[in-house]
Amino acid sequence: MNNNHLVILTFFTFLGFPSLVAQNSNQREKGYAPLEDSSGVFRTPKADVTSCAEVGPRSGPSPSPEVEDKSVDLFASGDFSAWTDVDGSPVSAGWVFENGILSRPGATGDIITRDSYKDFELTFEWKISDAGNSGVKYRTRERLGLEYQVLDDEKHPDGKKPNHRAASLYELVAAPDDKPIKPVGEWNTSKIRAKGNFIEHWLNGEKVVSIEWGSGDWYERFEASKYRKNEGFGSWDGPILLQDHKDPVWYRNLKVRRL
């Protein structure tokens, strides 16, 4: 580079420097410019940094990206067209539909959906009789399957065992003692979510059971349970079952969607 070129470069650099200083000063006044710490490293202003932990709700149902119109109302017909006895025969007279409510006033036997489900979300409402017992089973084979326990915890003998109480994953995972359950005779809102290896039970808007099928925790509980001789238990594709446990029980608004 000769002397003439050096003079020209210096002249234009000098002309541009005040503009750069003014622009940087203006950005600092508006809070846009990066800040320089004592080490000379530029960093983003604290006001521009958002913590991931502060984004979105802190609690609530697990994400359900599937659209709502994929749900199937299992009571929509007001009859038993979506249901059979466990052996596939028509539902007997012990189960009764009235005003959108399914009840079991007399001895009859378990009933199952005609369709099978493995990955799904089921929402439903239930109320139990005084000292009563029932349950919603899923991923079933005949009468065997995972069970959302429906129970009068206070008066039924099963209430003495934590993992046999209402909303528990029966025999495997106990719902917490402070679960938000309604008194006997009042409606509870529940959800079962089973997707892949992950299983959740919800009660009145709160998650009360969560476990991963096939994990170390799962096998420890499974081996200590009465189900331990049933290979693959909890992973089957099967109908949803409503249990007749010889006590009056009521169900309504059973809606299922595949995941």
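Some values worked out for this structure:
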read-out	value
Listed residues G205, N253, W187: farthest to the positive end of the dipole of the range 123-259 (Cβ charges)	N253
Residue-span extension gain [E125 to S92] - 0.36 nm each, minus C-alpha spacing	9.7 nm
Residues K155 and V72, FRET efficiency given R0 of 41 Å [Cβ-Cβ distance, rounded to 0.05]	0.75
Whole-number D in µm² s⁻¹ for the range 70-258, Kirkwood Cα-pair radius fed into Stokes-Einstein, 4 °C, 1.567 mPa s	79 µm²/s
Burial order of peptide ranges 222-230, 180-188 (average beta-carbon count within 10 Å, highest first)	180-188, 222-230
Added length on full extension, which subtracts the Cα-Cα distance from 0.36 nm per residue, D178 to S225	14.5 nm
Per-residue HN-Hα couplings for the range 197-204 [Karplus 6.51, -1.76, 1.60; θ = phi - 60°; Hz; x = Gly/Pro]	8, 9, 10, 9, 10, 10, 9, 6
FRET efficiency estimate (nearest 0.05) - Cβ-Cβ, K255 to D85, R0 25 angstrom	0.65
Amide H within-cut-off set for I128, under 5 Å, with H built and near neighbours excluded	G185, E186
Whole-Hz ³J(HN,Hα) from phi, Karplus 6.51 cos²θ - 1.76 cosθ + 1.60, for the range 223-236, glycine and proline x	5, 8, 9, 6, 8, 4, 8, 9, 4, x, 3, x, 10, 6
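Every number in this text was worked out from the coordinates using simple rules, so none of it is lab data. No experiment lies behind these values; they were computed from the predicted model shown. Heads up, the Cβs are rebuilt from the backbone with ideal geometry, glycines too, and the neighbour counts pull from every protein chain shown.
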